[in-house]
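The values are calculated or read from the model by the stated rules, or taken from the named source; none is laboratory data. As the structure is a computational prediction, the values presented were derived from the model and not from experiment. FYI the Cβ positions are ideal-geometry reconstructions off the backbone, even for glycines, and counts take in every protein chain you see. Note: accessible area is taken over every heavy atom of the protein model, side chains too, but ligands, DNA and RNA are not part of it. Shrake-Rupley method; radii C 1.70, N 1.55, O 1.52, S 1.80 Å.
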Amino acid sequence: MSDTTPEEEKLKILLIQLSGTPIYPAEIARSLHDLGHEVSVIVSERNIQDNPFVDGVNVHRVGISSNLVTILRSLNPITYYRLLRKIQTIDPDIIHITQGFFWLNPVIPFLSSYPIVYTDHEPEETNDVTFYDRTRIYSYSKYHFRSAADKILVHGEYLKEVLENKDVSKNKIAVLKHGVYEHYRNVDTGVRFDDPNKKNILFFGLIADYKGIDVLGDAIPKIQSECPEATVTLAGKGDISKYLPADIANSEFVQIYNEFIPDEKVGKFFRNADVVVLPYKSGSQSGVLTISYEYRTPVVVTNVGSLPEAVTEGETGYIVPSNDPDSLSEAIIGIISSEETSQHMEDIIDEKVQTELSWNVICKQLVSIYQSALEH
């Protein structure tokens, strides 16, 4: 029996992603398309070198490219007119801003006839990794998107509370699970490390202060002492020397890939990992966790933001206090030292991925939220 939505219930949906990787809207678009809806996407040129969207999804690109070109175009009123006309030409039933950018702010007042759903990935606005994230334009843009939206999506109850504390009406907020990123498996080249039999602990992602790499560094000696056959892999772009002492960074126990990891090579690291560690000091959520689950890899996360909500304690991984290297090392050792624990967690993760973390399941709930916005 097909999942296709009956003709009279089909929606014409526009997803807008003007900053960040377009993989999040690509996963949503694929499932909405599978469910029988007409899906269009507006994305920035700079973030879509390889098209992650399935056939049948209408992809429109806008000229957010290099920083200089983006700034110059931002000064030209024609830029905003063209974006508005593009949206009006698509003429959707509903607009879903999956990741905003200040180019949208001058356009939003002219979109009042369209119901708007906005995904707020970082309600706390504390992880100012990029220059744009540290500007007042960024904060104003998010405030404007929240004000204009009929519904605001967050991926956790904790994040809903954050918005409520910012005086956003609870009736406006919807909590939706974050599905797994199938994209990385789809583009996975299948290349393996030379010695895949060693137990491996993976930290993956952008190197930044809030990620807690220094805490992981403090936990490494104990892990090495109790599991000398294991290795720790750190893969991501940034200045690792700020967070790891030289004796740890240069040891044979630690493997560092201090570079941006392209999508097709991401799977290599997760297939090699026996546990993925997120020792964050702060944060709202993490796409790294969803990639871990896609590869059925247990996780150790800290008790910050909505990370604990994505982990079933003792079943899909462990939750530990932040800034606590002893608890972090014990949780990691607990997974890599027990084949029974590892296998049990992998089985539970597989079950979750097939059910509640499937985008097809999540997008059925998302369509209900769209319908609610349409009735607003």
> If you take the residues of segment 134-158 that are under 19 Å from the mean Cα position of the chain (by Cα) and of a type in the set (D, E, K, R), which of them is most open to solvent (accessible area, probe 1.4 Å)?
Replying inline: Glu157
> Which one of Thr130, Thr119, Thr79, Thr126 is under 29 Å from Lys10 (Cβ atoms) and either among the polar types (S, T, N, Q) or modelled with pLDDT under 80 (or both)?
Replying inline: Thr119
> Considering segment 22-40 alone, what residues qualify as being closer than 18 Å to Tyr181 by Cα and free of Cβ contacts under 8 Å to residues at least 40 places away in the same chain?
Replying inline: Pro22, Ala29, His33
> Would you say Thr4 is at pLDDT below 75 and hydroxyl-bearing (Ser, Thr, Tyr)?
Replying inline: yes
>> Step by step: first the residues of segment 225-242, then only those that are among the small types (Gly, Ala, Ser) and touching a residue at least 24 places away in the same chain (Cβ under 8 Å), then the one that is most open to solvent (accessible area, probe 1.4 Å). Which residue is that?
In response: Gly238
>> Can you find a residue that is outside any loop (DSSP other than H, G, I, E, B), among the small types (Gly, Ala, Ser), open to solvent by 10 Å² or more (accessible area, probe 1.4 Å) and at negative phi anywhere in segment 289-299?
In response: no
> Restricting segment 9-48 to residues that are basic (Lys, Arg) and out of contact with any His (no Cβ under 8 Å at 6 or more places or on another chain), which is surrounded by the most Cβ atoms within 10 Å (Cβ to Cβ)?
Replying inline: Arg30
> Somewhere in segment 183-200, is a residue at positive phi, surrounded by fewer than 18 Cβ atoms within 10 Å (Cβ to Cβ) and in contact with a helix residue (DSSP H, G or I) (Cβ under 8 Å, 6 or more places away or on another chain)?
Replying inline: yes
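Condition check ((1) polar (S, T, N, Q); (2) touching a residue at least 60 places away in the same chain (Cβ under 8 Å); (3) open to solvent by less than 40 Å² (accessible area, probe 1.4 Å); (4) on the phi < 0 side of the Ramachandran plot) across all residues:
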| residue | (1), (2), (3), (4) |
| --- | --- |
| Tyr257 | no, no, no, yes |
| Thr302 | yes, yes, yes, yes |
| Ser306 | yes, yes, yes, yes |
| Val311 | no, no, yes, yes |
> Which residues, counting only those in segment 73-126, are surrounded by fewer than 16 Cβ atoms within 10 Å (Cβ to Cβ), hydroxyl-bearing (Ser, Thr, Tyr) and touching a residue at least 40 places away in the same chain (Cβ under 8 Å)?
Replying inline: Thr126
> Considering segment 38-63 alone, what residues qualify as being closer than 22 Å to Glu9 by Cα and either modelled with pLDDT under 90 or touching a strand residue (DSSP E or B) at 6+ places or on another chain (Cβ under 6 Å) (or both)?
Replying inline: Glu38, Val39, Ser40, Val41, Val57, Asn58
> Tally time: how many residues in segment 361-375 are open to solvent by 50 Å² or more (accessible area, probe 1.4 Å) and assigned to a helix (DSSP H, G or I)?
Replying inline: 6
>> If I filter segment 251-284 down to residues being part of a loop (DSSP other than H, G, I, E, B) and of a type in the set (D, E, K, R), which single residue comes out as nearest to Tyr158 (Cα to Cα)?
In response: Lys281
>> Tally up the residues in segment 320-343 that are surrounded by fewer than 22 Cβ atoms within 10 Å (Cβ to Cβ) and not in a helix (DSSP H, G or I), please.
In response: 6
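Quick one: how many residues across segment 344-360 are assigned to a helix (DSSP H, G or I), in contact (Cβ under 8 Å) with a residue 60 or more places away in the chain and surrounded by 15 or more Cβ atoms within 10 Å (Cβ to Cβ)?
Result for segment 344-360: 2.
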>> Here is a list: Leu35, Leu18. Which entry is in contact with a Gly (Cβ under 9 Å, 6 or more places away or on another chain), at pLDDT 80 or above and under 23 Å from Ile362 (Cα atoms)?
In response: Leu18
>> Condition first: more than 28 Å from the chain's Cα centre (by Cα) and small (Gly, Ala, Ser). Now tell me which residues in segment 57-112 satisfy that.
In response: Ser112
> Among Val288, Val311, Val320, Val301, which is the only one that is in contact with a Leu (Cβ under 9 Å, 6 or more places away or on another chain) and modelled with pLDDT under 95?
Replying inline: Val288
